[in-house]
Amino acid sequence: MKVASIGEIREIEAAADRAVMSYAEMMRAAGAAASVSLQRRRPIDETTRIAFLIGKGNNGGDGLVMARDLALSTAAEVSLFFQAPRDPADVLFRNALELGLPMLVAEEDRDWLGLERLIKDADIVVDALLGIGARPPLRGLAASLLKRARDRLLQLASPRPYVFALDCPSGIDCDNGRADARVIAADATIAFITAKPGHFVFPAAGYVGDLEVATLGIPGSLPALDRVKATVLDERLAASLLPARPLDGHKGTFGKVLIVAGSPAYIGAIALAGEAAYRSGAGLATVATAKDLTRLVAPALREATWLPLPDVDGVIAEGAAETALEQAAGYDAMLVGCGLGTRASVARFTRRLLLSENLPPLILDADALNLLSRERQWWTRLPAGAILTPHPGELARLTGLSAKAINADRWAVARRFAQAWQVTLLLKGAHTIVAAPDGRASVLPFKTDALSTAGAGDVLAGLIAGLRAQGLGAYDSARLGAYVHAAAGLLAAEKLGSSRSVIAGDMLTTMGWAFADLERL
């Protein structure tokens with residue numbers, strides 16, 4: 001499933017019109033796909049009343065095709081409410097007239113009583129008003145219509161009508177995820193040709209509901225579509241990334257991870273990251289941490305080997321960098337940052353470690369990122385293939401942007417800095433975005449509060465490091481790790497009966513189930 005910006009979609013449509021199918025054929029395919037999708041989701045019979053909100057553009061045209069299809073293929077009562085009069089010469093409008101479908105135009109319903117009555121009586125409301133061209137905030141008639149429809153829906157007692165949006169809920173920006181205050185939250189959205197970036201960025205993502213994509217028969221080999229570098233990381237794509245597990249393998253076959261982590265305030269981060277690396281399938285995980293912490297953590301992580309580092313008041317000493325560097329060459333991946341802290345000696349240790357040469361593939365998390373942000377042009381010193389896993393606050397420190405600015409344009413920011421720094425950048429949050437230095441990007445389909453718990457980032461970092469050690473490339477390690485991590489969180493919530501009760505350790509327990517689900521595909 002690809003993710004294309006509005007500009008890219010326009011190019012794809014124009015290319016398809018020249019080589020594959022006309023705009024009219026694409027509209028007919030979109031309406032038909034939407035009709036099939038809705039019938040698959042909801043029981044529709046002679047008692048079902050479906051109200052269509054029809055815009056004046058192409059989204060409204062898709063809605064008219066869908067309405068006609070439902071009127072002909074089901075016994076439902078189909079009614080149409082138009083934002084503006086359609087051109088009498090419009091064949092789609094004429095088709096609706098010929099079927100005798102009940103119609104009302106906004107300019108004839110000055111007090112909105114007709115619109116309110118239509119929504120009140122509906123079992124299903126189809127949002128075909130604005131489509132991908134909307135730019136919030138809305139103004140004029142569209143804003144008034146959408147507000148009145150939304151308010152009426154919210155006033156209704158449960159169960160409210162099922163809301164089905166075409167391409168995107170009206171009033172969201174499909175590129176950056178901004179949303180007008182009057183957006184009607186959809187129970188499901190069917191996107192056409194590809195998903196759009198805004199489907200995966202809040203606040204818009206909160207209005208999308210269950211997302212489906214109908215490709216309309218446009219082949220992936222069409223050059224304009226083939227050039228799109230962003231994808232949704234679904235389960236089949238994730239399964240294709242799993243590293244091999246030869247039956248005659250040994251611990252060396254499955255890679256060795258060096259984990260540089262921990263401080264007196266964050267002892268648990270060591271155990272979480274270390275166990276996650278093992279649960280990923282890595283053959284060996286070695287933890288390098290302050291000498292005084294090893295005896296505290298070792299009972300909780302029996303499988304690890306240990307590299308005790310010289311310490312100062314319980315935190316890693318600056319001079320420990322040489323000890324770590326001597327050992328690092330023998331490992332297939334090195335994770336730095338989980339629970340390190342930012343004390344002065346740790347900062348100096350981290351600087352000497354990360355800005356050295358001949359390091360194994362790096363995964364940088366948490367305090368490693370915070371400490372790195374203090375260095376001028378730090379990205380010019382990192383080895384090729386580094387993976388950074390910041391949340392918006394950490395990325396703000398690395399970039400100089402505000403967290404608010406980052407969240408307002410997550411796709412563009414992640415891709416811009418992954419390319420500028422030549423790193424794989426995993427921007428945490430719902431939805432997590434993984435960007436590669438060559439312009440590729442993947443978004444996770446998950447949005448859940450099950451991952452919003454202390455230590456979840458340590459589990460993710462350890463998981464990615466373990467996959468990297470098994471031979472996956474940086475981009476694939478990051479996106480497969482992010483997928484399994486989120487899936488494990490959802491499985492933990494299911495097991496416990498509530499997402500609010502999930503803690504980081506639960507994800508370690510369910511991680512094997514998440515891998516098993518992928519291995520079965």
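Below, the figures for the structure above:
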{"read-out": "Bridge type composition, the stretch 198-351 - antiparallel percent by DSSP, nearest 5", "value": "10 percent"}
{"read-out": "Within-15-Å neighbourhood charge of S501 [Cβ basis; K, R +1; D, E -1]", "value": "-1"}
{"read-out": "Charge context of L97, other residues only, Cβ under 15 angstrom, K/R +1, D/E -1", "value": "0"}
{"read-out": "Members of K120/K196; K196/K495; K196/K229; K56/K447; K229/K404; K404/K428 lying beyond 21 Å, as alpha-carbon distances in this model show", "value": "K120/K196; K196/K495; K56/K447; K229/K404"}
{"read-out": "Accessible area expressed per residue, the stretch 403-521, with surrounding protein chains retained (probe 1.4 Å, Å²)", "value": "35 Å²"}
{"read-out": "Overall form of the stretch 259-347 per C-alpha gyration tensor (a/c, 1.5; a/b vs b/c)", "value": "oblate"}
{"read-out": "Separation of alpha-carbon centers, the stretch 445-521 and the stretch 193-267, rounded to whole Å", "value": "12 Å"}
{"read-out": "Potential extension, K404-T448 segment - 0.36 nm per residue separation minus Cα distance", "value": "13.8 nm"}
{"read-out": "Tensor-based shape of the stretch 431-521 (alpha-carbon gyration tensor, a/c under 1.5 rounded, otherwise prolate or oblate)", "value": "prolate"}
{"read-out": "Expected 222 nm ellipticity per residue - DSSP helices of 4 or more, -39500 (n - 2.57), all of the chain, to 500", "value": "-13000 deg cm²/dmol"}
{"read-out": "Whether the stretch 357-478 is rounded, prolate or oblate, judged on the alpha carbon gyration tensor where a/c under 1.5 counts as rounded", "value": "rounded"}
{"read-out": "Protein accessible area in the chain, 1.4 Å probe - carbon and sulfur %", "value": "50 percent"}
{"read-out": "Which labelled figure in (1) 53; (2) 27; (3) 38 is percent of Cα pairs over 37 Å apart, once derived from the coordinates", "value": "(3)"}
{"read-out": "Sequence-separation-based contact order of the chain, relative, with Cα cut under 8 Å and 6+ spacing, percent", "value": "12 percent"}
{"read-out": "Mean Cβ count within 10 Å, highest first, over the residues of peptides 385-395, 369-379", "value": "385-395, 369-379"}
{"read-out": "Average accessible area per residue (Å²) across the stretch 216-275 - probe 1.4 Å, nucleic acids and ligands excluded", "value": "48 Å²"}
{"read-out": "Å² per residue, accessible surface of the stretch 46-188 at 1.4 Å", "value": "43 Å²"}
{"read-out": "Dipole magnitude (debye, nearest 20) for the stretch 323-384, charges at Cβ of Lys, Arg, Asp, Glu", "value": "360 debye"}
{"read-out": "Qualifying aspartates and glutamates (Cα of each under 17 Å from Cα of K2; at least 8 residues distant if same chain)", "value": "E11, E13, D167, D175, D210, E212, D226, D234, E235, D438, D476"}
{"read-out": "Charged-residue dipole, Cβ positions (Lys, Arg, Asp, Glu), the stretch 298-426 about Cα centre, Debye nearest 20", "value": "620 debye"}
{"read-out": "Distance from the stretch 342-382 to the stretch 162-184 (C-alpha centre basis), Å", "value": "41 Å"}
{"read-out": "For a label point 7 Å along the Cα-to-beta-carbon line of R49, residues of the stretch 137-168 with backbone N under 19 Å", "value": "148-164"}
{"read-out": "Beta bridges per DSSP with both ends in the chain, % antiparallel, nearest 5", "value": "15 percent"}
{"read-out": "Partners for K256 among lysines (Cα-Cα distance below 22 Å; same-chain residues under 8 apart left out)", "value": "K291"}
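The values are calculated or read from the model by the stated rules, or taken from the named source; none is laboratory data. Note that this is a predicted model, so its numbers are computed, not measured. Virtual Cβ from ideal backbone geometry, glycine too; neighbours counted across all protein chains shown. What goes into the accessible areas is simple: the full protein's heavy atoms, side chains included, and nothing from ligands, DNA or RNA. Shrake-Rupley method; radii C 1.70, N 1.55, O 1.52, S 1.80 Å.
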